[in-house]
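Taken together, the values in this text are just the output of simple stated rules run on the coordinates, not laboratory data. It should be emphasised that the depicted structure is a prediction, and the values quoted were computed from it without experimental measurement. Quick reminder, even Gly has a Cβ in these numbers, built from the backbone with ideal geometry, and neighbours come from all protein chains shown.
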Amino acid sequence: MPASPSATPLPSGVVDPQPLLRQATRVIGGVLRVDDAAAKLVSAADYSGGRATVGPGVSAAATVWVIAVVGDIRQTRGVLPRPHAQCKLHAYWASTGELWSTAEGSLSMCQPYFTRSLTPPDAPVRCAAQAYDNGVSAAYLSSRTRSGPIDFTAVRDDAWHQPTIVPGAFLAQAPEGSVRYEDAFCLKAFVRAGPEVEKLLASGVAASVPSTLPRLDKAIWLRGYHALSGYADDAGHIDVVLEQRVGYEWAFFDWHALVPDGGYVIFRFLDEAGHEILPWRLVNGP
């Protein structure tokens, strides 16, 4: 059953949140199951991380009732299917009860509105039989690349072994089936910012991250492989030659030099004979 706010008298000019709780926890639309819910009165700025645009005639200090719903939520934003969310937030103007904003995401999104911990227990690693797709079709490929060889700067943890357990703290932010989960525990090659930026992802990968890393924009994250060389054409295609090698590697490279206009490009992962050995990745960046 949804949790109720305390019986503390409401501030002047603030609506009762009980009707808002009932409205937000109806199993309709994207809300498929409700496991728990909480109501908390916060400022609009706090709810939005200081980025609130409250609109004309509304004080920047305006308060909102945030109704945080934990359960099974079908994600409704965007045009591409995504794994179900575990949290949904509804922000209602506290003075009128009018809905202002909604958001969907992981358990960590709901945590600030609950007094109990929402962190799930540790769980065994579970990977789908097929690697997740790229989210968008290769038809999105639209960027030019600087043709020629690519310089990689390899940073390795040669003692790394595949994790078998996913920490609950990771699951609270990236549940099973999410892109970050698949990147951290399942894929052998993908392209992201380095571990000094992707701190959550690095914690799931569980490789030892050196204190000093190259000052480069992106890295190919490699599980059990080493990047030997790379070559780009001028139409958004990058071929990376790999060899199998025990351990974990970040193959850093200069994204802005390689993709000067930003946008989507395709990385293919080949052996020395030119055969594709790992699924290609469609990568987007500024």
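Counting charges near residue 249 (Lys, Arg +1; Asp, Glu -1) among other residues having Cβ under 10 Å from its Cβ returns a value of +1.
As a check on your grasp of the helix formula, calculate [θ] at 222 nm for the chain: sum -39500 (n - 2.57) over DSSP H runs of n ≥ 4, divide by the residue count, round to the nearest 500.
Working: 7 runs with 37 residues, N = 286.
Taking each H run of at least 4 residues, the total per residue is -2500 deg cm²/dmol.
Among 276-282, 95-101, 250-256, sorting by the average number of other beta carbon atoms lying within 10 angstrom of each residue, highest first, gives 250-256, 276-282, 95-101. Report note on the peptides 222-232, 190-200: ranked by the mean count of other C-beta atoms within 10 Å, highest first, their order is 222-232, 190-200.
Can you tally the lysine pairs in the chain where the Cα-Cα distance is under 30 Å and the two residues are eight or more apart, or on different chains?
Count of close lysine pairs: 6.
Kindly identify the chain as rounded, prolate or oblate by the Cα gyration tensor criterion: order the square roots of the eigenvalues as a ≥ b ≥ c, call it rounded if a/c is under 1.5, otherwise compare a/b with b/c, prolate if a/b is larger, else oblate. Prolate, because a/c is 1.5 or more and a/b exceeds b/c.
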